[in-house]
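Student: Following this message is one structure expressed as structure tokens.
The values are calculated or read from the model by the stated rules, or taken from the named source; none is laboratory data. As the structure is a computational prediction, the values presented were derived from the model and not from experiment. Glycine gets a Cβ as well: all are built from the backbone with ideal geometry, and neighbour counts include every protein chain shown. Quick note on the areas: whole protein, heavy atoms, side chains included, nothing else; ligands and nucleic acids left out. Shrake-Rupley method; radii C 1.70, N 1.55, O 1.52, S 1.80 Å.
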Amino acid sequence: MKKLALSLLTIAIAGVAFTSCKKDDNDNKMPDPKPVAQMTLYDSLGGTQMVNDPSNPGQMIEKGRLGIRSVVDSTIFVIAADPKLNGFFPVLLSEVTAGNLSGFQALSKNLTDFFCVATGAKNFTYTGLNMVDAHDPAKNPRMNGKASSADFDQFVADLVIGAKKVGLSDQLIGQVGAVVATTKPQVVQK
């Protein structure tokens, strides 16, 4: 994913450099007007505006990251209560039940980083496992089984519930869903 993003960025920069000048009627080079920046999904989710982090008093967080983290955390709780999916996460559930939130916090950060990058954030990096390895119990011992297409569809249903619980609009839920749909070939392994 990082290599694809870097490749696309390189192509975009080369294209801008190649087309950055045009000629007027007298064959003189004139700079193009500044291009209008495209709004990313991350921008629609709150963007880079800094706001107080309600989970960490005294700290600031980008509004887009806070919005994504809110959806991620809400969805984790929905999945934890869903008997169709919670069997995939016995390690996490036993940790949380015992009062150990370190696994939950690590999962929340990883998923938040992933969605920040996937929605166009520039200030974050995803360093977790690739989607295939993250969902393969042989490579990720925190997973308990491989997901089927029906499991993936249930995850999407739970994501919608989690997103609605934190007030995400149907339009933005659809856009986030489109990002999630791109991972289905890697997540579904059974």
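Student: Consider only pairs whose beta carbons are under 7 Å apart and that are at least six residues apart or on different chains; among these, list those whose first residue lies in the range 61-73 and is under 15 Å from Gln49 (Cβ atoms) and whose second residue is among the aliphatic types (A, V, I, L, M) and modelled with pLDDT under 95.
Tutor: Listed pairs, sorted by first residue: Gly64/Leu45; Gly67/Leu45; Ile68/Leu45.
Student: Could you identify the single residue in Asp136, Asp170, Asp151 that is over 19 Å from Cys116 (Cβ atoms) and in contact (Cβ under 8 Å) with a residue 60 or more places away in the chain?
Tutor: Going through Asp136, Asp170, Asp151 in turn, just one is over 19 Å from Cys116 (Cβ atoms) and in contact (Cβ under 8 Å) with a residue 60 or more places away in the chain: Asp151.
Student: Same structure again: Collect the residues in the range 33-53 that are in contact with a Leu (Cβ under 8 Å, 6 or more places away or on another chain) and at pLDDT 95 or above, keeping them in residue-number order.
Tutor: Scanning the range 33-53 gives Val51, Asp53.
Student: Output the number of residues of the range 155-185 satisfying the condition of being open to solvent by 40 Å² or more (accessible area, probe 1.4 Å) and either farther than 17 Å from Tyr42 by Cα or among the small types (Gly, Ala, Ser) (or both).
Tutor: Looking only at that region, the number is 14.
Student: Now a separate question. Modelled with pLDDT of 95 or more, in contact with a helix residue (DSSP H, G or I) (Cβ under 6 Å, 6 or more places away or on another chain), assigned to a loop (DSSP other than H, G, I, E, B) and of a type in the set (A, V, I, L, M, F, W, C), is that true of Ala121?
Tutor: The answer is yes for Ala121.
Student: Hey, another quick one. So which of Phe114, Phe88, Phe104 ends up being in contact (Cβ under 8 Å) with a residue 12 or more places away in the chain and either open to solvent by 60 Å² or more (accessible area, probe 1.4 Å) or over 20 Å from the mean Cα position of the chain (by Cα) (or both)?
Tutor: One residue alone meets the criteria, Phe88.
Student: Please work out which one of (1) among the β-branched types (Val, Ile, Thr); (2) surrounded by 16 or more Cβ atoms within 10 Å (Cβ to Cβ); (3) under 29 Å from Met39 (Cβ atoms) is the condition Val188 fails and give its number.
Tutor: Failed condition: (3).
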